[in-house]
Each structure stands twice: as C-alpha cells, then as structure tokens.
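A.B. asks: Sharing a structure, written as structure tokens. Questions coming.
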Amino acid sequence: MTIGEALKQIRHELYLTQEQMCAGVVTRSFYAKVESGRNRISADKLTEILFEHDIDITYFYQLLRNTYSSQSKLKENDLNQKMNQAFNSGKIELIEQNYHKILLQSNSSILKLRAMISVANLKDELNLIDPKVKEKLFVEFDEGANWMNRPDLLRLFTDTMPLWDSSDLSFFIGRLLAKVQKEHNIPELLQERYLRVFENYLAVYYKKNNPVKTIDVNVQKIFDYILNLEPTVHFLLYKIAAVYLQNLFLGNKEEAQKIKNEMKKYGYQDIVKTWPK
C-alpha cells in the first residue's frame, strides 16, 4: 500500500471527506493527487495530517511496510513471524521445520542465532551449543554496540537469555534498568520493547531459581517498574504478567493459576502458554 492509498483507507475509516482530512495543511486539490499517487507529500505535512486526526503512526506505517520495505527485510520478517507462530503452536516438528528454513534462507546472523538458542532451550539442549556462541554474544552487547536502542539486538538479548550465566545476565539487565529509570518520556514503542526484555528476564530467573528463596535486587526493581507504569492499554498485559510472576515468586501458585485461567477465558491462550508454571 502506498502513502496515498494508506491515507485514503484511514480517511474512509474516519468517515472524512478529502477536504476535512487535509484542512489547514494542504489544499484539497493537492491532497486528492496525493491519494491518487500523482503528488508526493512532505514528511512535515504528512505528520501534521496524522497528528491532526490522532492517527496512530505505528498503524499507519504498518500499512506501508510491504510497499516500502526491501525484499530481504520482508523475507526476514516473514521467517521471523512463522518461527514465532511455530513456537506458539508448541509443535516441535513445525518449530524445527521453520528453524531449518531460517538456516537455509536467512541472511541475518542475528535471526539465526536467536532461532538456534530458542530451539536448543525448548529441547533442553543448551549444553550442546558451542561455547564460541557466547563469545559472539558478548561482542554484540559490548559498550560500542548501543544494543539498548536497537530492536534487533533487544530481541537477540531476550531470546538468548537462557544461555547466559546468571551474573552476566544480571549485569546487562542492571544496565538496561539504569537506562529506563534515568530517562524520561521514552517512546511507547521502545518502552514496550524494554518490557518484553524485563518480562522474559523474570521468567528465565524464575525457571533457573525455582523454588525462589531470595529475590534478586534487579527482579524487585523490575516488578516495581512494571507495576508503577501508567495504566495504559498498551502496558496492561505486561502488568498482568508481572502480577502473575510475582505470585509465582512468592509461592502463591493458586493465585497465579487464577490469573492464568482468567486470561484464557478472555482469549489469551497463546500468551499464557509461554508463561512459566
């Protein structure tokens, strides 16, 4: 979908005329040509229109993804999406099929590394992974990598947590916590990426230390951070997952199971399937 086509679709969703859509930003005749692909609109004017009508920018750019992404990027996204779907299905045969596709078809070393460690963790074969892999991870997460702002490295860090030593993992999580606690006005999309990292850390920590006798200082800081977030819809699932995990850490398994049952009742079976027990 082009920019003009996306604007037209959203305008129809909002039940606006072309004149209402572009009022105060560009002329209707110019805007009509944007929708039909005969004119280009500047980033400034496009942003003004989106903000004027409270259009979700993430949603808008999702509509454009297939048109403006490179073929290699689309291929990587497709492989990644199919791998995630395979993991959600819980079928080891399907997971391994998609893993081999990634090995054969992907040009991304990061995607291959994520898939390899995720599959090894699922099959309880982390001990079979070459020690040199861990050395590669340290290269990716050194000071110069700026990994805390890169979506691909945040995903890599999240998916490879089971391979890390507890002390190394705690060190990097501590650095990420220090960053988010220091900064203000973190964009929601980036904050959501951080929440996925923190939620996974809690799950990995629980699996490694079950039953939990003492709670690591980083674990407590993560619980405090998530539960004190603004009560927005975007963060609601992370808050519920945090309450669930907090009950597990405290040994309140019956209360945790109630939360999981409620989530299933409202259609979140795939999400709770990945929660530790």
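A.B. asks: If you check Leu245, Leu229, which single one turns out to be among the hydrophobic types (A, V, I, L, M, F, W, C), in a loop (DSSP other than H, G, I, E, B) and surrounded by 14 or more Cβ atoms within 10 Å (Cβ to Cβ)?
C.D. replies: Leu229 is the lone residue from the list that is among the hydrophobic types (A, V, I, L, M, F, W, C), in a loop (DSSP other than H, G, I, E, B) and surrounded by 14 or more Cβ atoms within 10 Å (Cβ to Cβ).
A.B. asks: Residues in segment 1-50 that are β-branched (Val, Ile, Thr) and not in a helix (DSSP H, G or I): how many?
C.D. replies: 6
A.B. asks: Consider Val272 carefully, then state whether it is open to solvent by less than 90 Å² (accessible area, probe 1.4 Å), in contact with a Lys or Arg (Cβ under 8 Å, 6 or more places away or on another chain) and in a helix (DSSP H, G or I).
C.D. replies: In short, yes.
A.B. asks: Here are some residues: Asn127, Asn107. Which one is exposed (fewer than 13 other Cβ atoms within 10 Å of the Cβ), more than 18 Å from the chain's Cα centre (by Cα), of a type in the set (S, T, N, Q) and part of a loop (DSSP other than H, G, I, E, B)?
C.D. replies: Asn107
A.B. asks: Taking the conditions exactly as written (in contact (Cβ under 8 Å) with a residue 24 or more places away in the chain, surrounded by 15 or more Cβ atoms within 10 Å (Cβ to Cβ) and within 19 Å of the chain's Cα centre (by Cα)), does Ile240 satisfy them or not?
C.D. replies: Against the criterion (in contact (Cβ under 8 Å) with a residue 24 or more places away in the chain, surrounded by 15 or more Cβ atoms within 10 Å (Cβ to Cβ) and within 19 Å of the chain's Cα centre (by Cα)), Ile240 does not qualify.
A.B. asks: Related question: Of all residues in segment 143-156, how many are part of a helix (DSSP H, G or I), charged (D, E, K, R) and either at pLDDT 90 or above or under 14 Å from the mean Cα position of the chain (by Cα) (or both)?
C.D. replies: The total comes to 2.
A.B. asks: Right, next: Of the residues Lys75, Lys8, Lys33, which single one is open to solvent by 70 Å² or more (accessible area, probe 1.4 Å) and closer than 30 Å to Leu104 by Cα?
C.D. replies: Being open to solvent by 70 Å² or more (accessible area, probe 1.4 Å) and closer than 30 Å to Leu104 by Cα holds for just one of Lys75, Lys8, Lys33, which is Lys75.
A.B. asks: Can you find a residue that is modelled with pLDDT of 85 or more, surrounded by 20 or more Cβ atoms within 10 Å (Cβ to Cβ) and among the β-branched types (Val, Ile, Thr) anywhere in segment 157-174?
C.D. replies: Yes, segment 157-174 contains a residue that is modelled with pLDDT of 85 or more, surrounded by 20 or more Cβ atoms within 10 Å (Cβ to Cβ) and among the β-branched types (Val, Ile, Thr).
A.B. asks: Does Asn80 fit the bill of being touching an Asp or Glu at 6+ places or on another chain (Cβ under 7 Å), open to solvent by less than 90 Å² (accessible area, probe 1.4 Å) and modelled with pLDDT under 85?
C.D. replies: It is false that Asn80 is touching an Asp or Glu at 6+ places or on another chain (Cβ under 7 Å), open to solvent by less than 90 Å² (accessible area, probe 1.4 Å) and modelled with pLDDT under 85.
A.B. asks: May I pose another question? Out of the residues in segment 177-187 that are touching a helix residue (DSSP H, G or I) at 6+ places or on another chain (Cβ under 6 Å) and not β-branched (Val, Ile, Thr), which is surrounded by the most Cβ atoms within 10 Å (Cβ to Cβ)?
C.D. replies: Leu177
A.B. asks: If you don't mind, there's one more thing I want to ask. Failed condition for Asn149, given (1) open to solvent by less than 30 Å² (accessible area, probe 1.4 Å); (2) free of Cβ contacts under 8 Å to residues at least 60 places away in the same chain; (3) closer than 29 Å to His234 by Cβ, with all others met?
C.D. replies: (1)
A.B. asks: Those residues that are open to solvent by 90 Å² or more (accessible area, probe 1.4 Å) and either at pLDDT 95 or above or among the hydrophobic types (A, V, I, L, M, F, W, C) (or both), I need them from segment 248-269; list them, please.
C.D. replies: Leu250
A.B. asks: Got a number for residues in segment 83-104 being in a helix (DSSP H, G or I), in contact (Cβ under 8 Å) with a residue 12 or more places away in the chain and open to solvent by less than 80 Å² (accessible area, probe 1.4 Å)?
C.D. replies: Total meeting the criteria: 11.
A.B. asks: Next up: Go through segment 56-79 and count every residue that is free of Cβ contacts under 8 Å to residues at least 24 places away in the same chain and either at positive phi or acidic (Asp, Glu) (or both).
C.D. replies: Residues meeting the conditions: 2.
A.B. asks: Assuming Phe138 fulfils every condition listed in (1) over 19 Å from the mean Cα position of the chain (by Cα); (2) loosely packed, with under 12 Cβ neighbours inside 10 Å; (3) not aliphatic (A, V, I, L, M) apart from one, which condition is it?
C.D. replies: The single condition Phe138 does not satisfy is (2).
The values are calculated or read from the model by the stated rules, or taken from the named source; none is laboratory data. All of these numbers come straight from a predicted model, not from anything done at the bench. Backbone-built Cβ (ideal geometry, glycine too); neighbour counts: all protein chains shown. SASA here: full protein model, heavy atoms, side chains in, ligands and nucleic acids out. Shrake-Rupley method; radii C 1.70, N 1.55, O 1.52, S 1.80 Å.
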